[in-house]
There are 2 protein chains.
Amino acid sequence: MNDFEKLFDPKAIAIIGVNEKPYGGGYFLSCLKSIGFEKPIYLFNPRLKGEKVLGYRVYGSIREIGGERPIDYAIIAIPAKKCPQILEEVGKKKVPFVTIFSSGFSEVGNKYLEQKILEIAKKYNIRIIGPNCLGVYNPKSKLSISRWQNSVPGKFGLISQSGGLSINISNISIHSYSTNISKLISIGNQIDLNVIDFLSYFKEDDQTKIVGLYLENLKVENPREGKEFLKILKEITLSEKPVILWKVGYGESAKEAILSHTGGMAGSHKIWKDMAKQAGVILVNNTLELVSLAMAFNFLDFRKIERNKLGIIAVGGGSSIELTEEMEINGLKVPALSKKTKDKYQTFLPDVNTIIRNPLDLGGDGLMPNIFGKSLLTMDQDPNISIVIFIKPYYLTKAFSDAIINAKNQMKKPLVCIAPKIRDNLEDFHERIAFKKALFDVGIPIFESVDLAAKAIKNLCNYTEFLDKHNHSQN
Amino acid sequence: MNDFEKLFDPKAIAIIGVNEKPYGGGYFLSCLKSIGFEKPIYLFNPRLKGEKVLGYRVYGSIREIGGERPIDYAIIAIPAKKCPQILEEVGKKKVPFVTIFSSGFSEVGNKYLEQKILEIAKKYNIRIIGPNCLGVYNPKSKLSISRWQNSVPGKFGLISQSGGLSINISNISIHSYSTNISKLISIGNQIDLNVIDFLSYFKEDDQTKIVGLYLENLKVENPREGKEFLKILKEITLSEKPVILWKVGYGESAKEAILSHTGGMAGSHKIWKDMAKQAGVILVNNTLELVSLAMAFNFLDFRKIERNKLGIIAVGGGSSIELTEEMEINGLKVPALSKKTKDKYQTFLPDVNTIIRNPLDLGGDGLMPNIFGKSLLTMDQDPNISIVIFIKPYYLTKAFSDAIINAKNQMKKPLVCIAPKIRDNLEDFHERIAFKKALFDVGIPIFESVDLAAKAIKNLCNYTEFLDKHNHSQN
């Protein structure tokens, strides 16, 4: 494991190539300011020497900083061709970690410049993140790469070959799925520190319990590196940390686009699929699939889900069928209820308008919060059921969230909510937000569509099965 | 074609089994009141005889209404076993159309009661919708079955075997996708009027340009009916009205749930797939796929899309790849730009941070509304491109919507927007709503995810291809 303490919790930061606007180097400063980074920030730009930006003094060069002020982490945001010279200066200051934000390297065919930078880095023992990336986000140390990221540490660790997507993923995760980040690394061209280094870190990091990856290519120069990648992935998944991999490069145009983005070959789709299967890694296809699955793992204890046996509760026959259909399309099982459960339902549900089976259709009685809550509890007690799922498009009132939370507190099995948006209007927005917050606060994941819910639950069950199989073959 | 004028635009309505609460018969009254139905409404319930509900007088029985006041349409919301007697009374009043809301018929094994009702209907020449359904919604005549439905007639006609889902679909369509309804029919158990009758109506209805179907089963008693269904579907699709079919019943539990919901066999999945292919009908799997595709047809003129050739514009390399990847997974093509287009882009995009290819990555320059608009226009002029798609998760400002609308007004090819939600907060909500409204108003469809956009565009292109093939074989 690499010792990344100085990277993730630097005693002081340098931004080389800062400016007055929230672009380029100024972007990083605005992010650190937004999140409230508390350690010293040193800014550099010969053009702004002696001036102040956002209250911080700007220096002309890192040489002006005395040795008694050690900088643990530098962000370089200057044109690519100037990077070697600046890196020499950074090296002489003994800065251990550097993120090179600048683009214009191998992704535009400039391999030579990357080589040169790597040589300088080795000479001074600097570890490089990038180039062509945003570096790291760590809520705990208030190190941020987006003005919307928060300082609440979570369990979800993310490694991304795209800086932009790492921002999208983390912001959706935090602000729409109530799933906070442990650490995030935008790795870019990976000329020095690469995905394997940060996977090794996540393997040991106590805070990271879920690993997410966005990858365009591995940049494997030799087969040994491929084996190493597979090995570390398997070590993580077997240590009960799920790994969610979004690997792009399926189609021809995507492959070409990747070449000009991070400068590497996307590789065969089949090889990646085989690799994922072998390592117990879960494959997803887009931002929402990645984030909604991370949310599922964030809120549900997959070790408690013995089997893929879904209990479904809906208001309305069609709605109950839509949910069942989507689950079955995704290979999930919706077993029959036990006789005891049916009898129990008959004691408090009317004959008219409700259909007592799995999926349970509550009909008009689903509009009564106490009946809704009691139905969840009853489903929880059925031995044929391992997860309880309900869909709630209407009446996201406090009476309902109270009833659901009350049931959840007495339930033994995982509870999942699907709350599809019906109207994009202010009234419904306020109701939805309050409802979501209440449920998130007690650990209920909330999906926005049946499709995303089904995919996430299927993947969660697949991962549990992978672990079971492995443990079985070990005994 | 059936003459459904009195059903869709009744001169007077009867609600038999009304009550004071917005449930049962009272539900229909509250819907008609909400939308502002302007014709007479007669209410019936012996228990409430002489009282008033929502300002309307309640009668004990339909026999009390004089012959000079003809009722075109009656909604019956009383227990199933009482339906035959009431239907006799309705028949004597010469009411031509009746919706039976009541459940408790073949879906719970009560086939005999359905038979009895059908006999009475035939005797009096009454046409029945249902039982076990909600009947019809027609914005033009302000006939509504949900308190959220509006009175703005649209192009999207819907036939649904689930009343609840017909409400979800229409409300999402109207309030989140800016796609209004022409007419909607919740058909229930179809003992008399069935899906074929209403398809025949939609075929001739000038207002309906897009047909949506939610079906659980066909209730085909003989093979002739199956052929008739296929024939009418093909007639509609070939008349350039796309048909979107959401047919459920893929898995075992869904099939069983269907049996207890609408009382029919779901049938083989393969037979339905083959039938759809033959008829040029588009299959979808859930509410959001159905609604987002209806929106695509509502806003885009599919006859203008010569070929499946996508031009993609994004801000950020990863984002551009996500969009390209999703399109290619769905079998869509993202061709190379012409030299002329690339040269044009080079005149106004900087070398740094942007990547000029398809997908176009605008980098930081994508934050400038005028550059964004100019990029759309330039893409539109490329002969290799037939549809222009852009993704916009951030900065949904007025400056941007103005620039996009300005470009759209000069463009010749269809323009599609994907605006994924990042943060579920009030500030972003207000911005999103204003942005969406502005774009919808000039006819730009807005998808909420890359997945739904890709599926809809693929289906739109497939339909165009189906028509091309047919026209080609005709010539």
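Output the residue which, of all residues in the range B:333-369 that are more than 9 Å from every other protein chain (Cβ to nearest Cβ), of a type in the set (A, V, I, L, M, F, W, C) and surrounded by 20 or more Cβ atoms within 10 Å (Cβ to Cβ), is farthest from B:Lys458 (Cα to Cα). Among those that are more than 9 Å from every other protein chain (Cβ to nearest Cβ), of a type in the set (A, V, I, L, M, F, W, C) and surrounded by 20 or more Cβ atoms within 10 Å (Cβ to Cβ), it is B:Leu349. Annotation: of all residues in the range B:14-55 being surrounded by fewer than 23 Cβ atoms within 10 Å (Cβ to Cβ), farther than 22 Å from A:Gly316 by Cβ and small (Gly, Ala, Ser), the one that is farthest from the other protein chains (Cβ to nearest Cβ) is B:Gly50.
Output the residue which, of all residues in the range A:32-55 that are in a helix (DSSP H, G or I) and not hydroxyl-bearing (Ser, Thr, Tyr), is nearest to A:Asn171 (Cα to Cα).
Keep residues of the range A:32-55 that are in a helix (DSSP H, G or I), which gives A:32-35, A:46-48.
Then keep just the ones that are not hydroxyl-bearing (Ser, Thr, Tyr); that gives A:32-33, A:35, A:46-48.
Values: A:Leu32: 16, A:Lys33: 17, A:Ile35: 13, A:Pro46: 34, A:Arg47: 33, A:Leu48: 32 Å.
Among those that are in a helix (DSSP H, G or I) and not hydroxyl-bearing (Ser, Thr, Tyr), it is A:Ile35.
Return yes or no: is A:Ala74 of a type in the set (A, V, I, L, M), closer than 19 Å to A:Leu7 by Cα and either at pLDDT below 95 or assigned to a helix (DSSP H, G or I) (or both)? Against the criterion (of a type in the set (A, V, I, L, M), closer than 19 Å to A:Leu7 by Cα and either at pLDDT below 95 or assigned to a helix (DSSP H, G or I) (or both)), A:Ala74 does not qualify.
Does B:Pro393 qualify as being exposed (fewer than 15 other Cβ atoms within 10 Å of the Cβ), closer than 24 Å to B:Leu332 by Cα and not hydrophobic (A, V, I, L, M, F, W, C)? Step through it out loud before you land on a result.
Details: exposed (fewer than 15 other Cβ atoms within 10 Å of the Cβ): no; closer than 24 Å to B:Leu332 by Cα: yes; not hydrophobic (A, V, I, L, M, F, W, C): yes.
Against the criterion (exposed (fewer than 15 other Cβ atoms within 10 Å of the Cβ), closer than 24 Å to B:Leu332 by Cα and not hydrophobic (A, V, I, L, M, F, W, C)), B:Pro393 does not qualify.
A quick yes/no check of all residues on (1) at pLDDT below 95; (2) of a type in the set (A, V, I, L, M); (3) under 17 Å from the mean Cα position of the chain (by Cα):
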position	(1), (2), (3)
A:Gln149	no, no, yes
A:Ile191	yes, yes, no
A:Gln207	no, no, yes
A:Ile236	no, yes, yes
A:Gly249	yes, no, no
A:Ile258	yes, yes, no
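All told, B:Gly316 falls short of being within 14 Å of another protein chain (Cβ to nearest Cβ), more than 22 Å from A:Ile187 (Cα to Cα) and of a type outside the set (A, V, I, L, M).
Confirm whether B:Asp428 is at the interface with chain A (Cβ under 10 Å from one of its Cβ atoms), more than 23 Å from the chain's Cα centre (by Cα) and part of a loop (DSSP other than H, G, I, E, B).
Details: at the interface with chain A (Cβ under 10 Å from one of its Cβ atoms): yes; more than 23 Å from the chain's Cα centre (by Cα): yes; part of a loop (DSSP other than H, G, I, E, B): no.
Criteria not met by B:Asp428.
The set of residues from the range B:81-137 being of a type in the set (A, V, I, L, M) and either assigned to a loop (DSSP other than H, G, I, E, B) or more than 20 Å from B:Lys11 (Cα to Cα) (or both) comprises B:Ile86, B:Val95, B:Val108, B:Leu113, B:Ile117, B:Leu118, B:Ile120, B:Ala121, B:Ile126, B:Leu134. Can you pull out every residue in the range B:436-456 that is within 8 Å of chain A (Cβ to nearest Cβ) and either among the aromatic types (Phe, Trp, Tyr) or in a helix (DSSP H, G or I) (or both)? Result: B:Lys436, B:Val450, B:Asp451. Here B:Ile433 does not qualify as in contact (Cβ under 8 Å) with a residue 40 or more places away in the chain, in a helix (DSSP H, G or I) and either outside the structural domain of B:Lys392 (by TED's automatic domain parsing) or not basic (Lys, Arg) (or both).
Summed over the range B:122-148, the residues that are crowded, with 24+ Cβ neighbours inside 10 Å and either within 11 Å of chain A (Cβ to nearest Cβ) or under 18 Å from A:Ser320 (Cα atoms) (or both) give a count of 3. Number of residues in the range A:151-186 that are under 11 Å from the mean Cα position of the chain (by Cα), part of a strand (DSSP E or B) and at the interface with chain B (Cβ under 10 Å from one of its Cβ atoms): the value is 1. Within the range B:402-425, the residues that satisfy the criterion of being within 14 Å of chain A (Cβ to nearest Cβ) and either closer than 23 Å to B:Leu300 by Cβ or touching a residue at least 40 places away in the same chain (Cβ under 8 Å) (or both) are B:Ile418, B:Ala419, B:Pro420, B:Lys421.
Regarding B:Pro369, is this residue under 24 Å from B:Ala454 (Cβ atoms), outside the structural domain of B:Glu289 (by TED's automatic domain parsing) and of a type outside the set (Asp, Glu)?
Working: under 24 Å from B:Ala454 (Cβ atoms): no; outside the structural domain of B:Glu289 (by TED's automatic domain parsing): yes; of a type outside the set (Asp, Glu): yes.
It is false that B:Pro369 is under 24 Å from B:Ala454 (Cβ atoms), outside the structural domain of B:Glu289 (by TED's automatic domain parsing) and of a type outside the set (Asp, Glu).
The values are calculated or read from the model by the stated rules, or taken from the named source; none is laboratory data. Predicted, not measured: the structure shown is a model, and the values here were computed from it. Positions of Cβ are generated from backbone atoms using ideal geometry, with glycine treated the same way; all protein chains shown enter the neighbour counts.
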